[in-house]
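Visitor: This is the structure I have questions about; it appears just below.
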Amino acid sequence: MSRAAVVTRGTVSLASMKSMRGAEMSDVSAAPGAHQRGYKIVVNTREKTVHKDTLTFEEVVRLAFDPVPSGPNVFITVSFRHAHQKPADGTLSAGESVEIKNGTVFTVVATDKS
């Protein structure tokens with residue numbers, strides 16, 4: 001398997017996401033700016049407050065896991081429901097984003113294919 005991300009319908013290999021672990025990401029839980037409001041979302045059954053209208057795949061993964069699981073065979077799947085977009089439910093792949101609202105629910109699963 002190459003180090004390039006393997007993306008299939010909401011699943012990504014974390015072998016290529018090592019750079020994501022050390023990469024600078026905006027703090028989605030930081031205090032709101034003048035034009036942003038707080039959204040209460042649920043990530044893996046835990047309530048979180050974020051101050052962005054849109055979350056990326058990578059931001060949701062970081063909200064779900066600290067540290068982000070890694071390894072050559074680790075795959076992460078992100079699904080969502082009750083989003084502020086159409087369709088309101090679906091899956092995210094690496095590099096994709098979703099418009100959120102209060103009550104948006106994310107399920108993030110890491111699997112290790114051995």
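Visitor: Can you name the residue in the stretch 44-66 that is in a loop (DSSP other than H, G, I, E, B) and of a type in the set (S, T, N, Q) and, of all such residues, is farthest from the chain's Cα centre (by Cα)?
Guide: As a first pass, look at the stretch 44-66 and keep what is in a loop (DSSP other than H, G, I, E, B): 44-45, 51-53, 65-66.
Now drop any that are not of a type in the set (S, T, N, Q), which leaves 44-45.
Values: Asn44: 11, Thr45: 14 Å.
Applying the filter and picking the extreme gives Thr45.
Visitor: A further question follows. Can we say Gly38 is modelled with pLDDT of 85 or more and at positive phi? Walk me through it before giving the result.
Guide: Working: modelled with pLDDT of 85 or more: yes; at positive phi: no.
No, not satisfied.
Visitor: What are the residues in the stretch 84-114 that are of a type outside the set (D, E, K, R) and farther than 16 Å from Asn44 by Cβ, if any?
Guide: Of the residues in the stretch 84-114, the ones of a type outside the set (D, E, K, R) are 84-85, 87-88, 90-95, 97-98, 100, 102-111, 114.
Correct list: His84, Gln85, Pro87, Ala88, Gly90, Ser93, Ala94, Gly95, Ser97, Asn102, Ser114.
Visitor: List pairs: first in the stretch 56-75 and under 16 Å from Glu96 (Cα atoms), second of a type in the set (Phe, Trp, Tyr) and outside any helix (DSSP H, G or I), Cβ under 6 Å, 6+ apart or cross-chain?
Guide: Short answer, once both residue conditions are applied: Val60/Phe106.
Visitor: Those residues that are surrounded by fewer than 16 Cβ atoms within 10 Å (Cβ to Cβ), touching a residue at least 60 places away in the same chain (Cβ under 8 Å) and either in contact with a Ser or Thr (Cβ under 7 Å, 6 or more places away or on another chain) or over 21 Å from Arg37 (Cα atoms) (or both), I need them from the stretch 101-114; list them, please.
Guide: If the condition is that a residue be surrounded by fewer than 16 Cβ atoms within 10 Å (Cβ to Cβ), touching a residue at least 60 places away in the same chain (Cβ under 8 Å) and either in contact with a Ser or Thr (Cβ under 7 Å, 6 or more places away or on another chain) or over 21 Å from Arg37 (Cα atoms) (or both), then no residue fits.
Visitor: Looking only at residues in the stretch 67-100 that are buried (at least 20 other Cβ atoms within 10 Å of the Cβ) and assigned to a loop (DSSP other than H, G, I, E, B), which one is modelled with the lowest pLDDT?
Guide: The extreme case among them is Ala94.
The values are calculated or read from the model by the stated rules, or taken from the named source; none is laboratory data. Note that the structure is predicted; figures quoted are calculated from it, not measured. For neighbour counting, all protein chains shown are included, and Cβ atoms are generated from backbone atoms with ideal geometry for every residue, glycine included.
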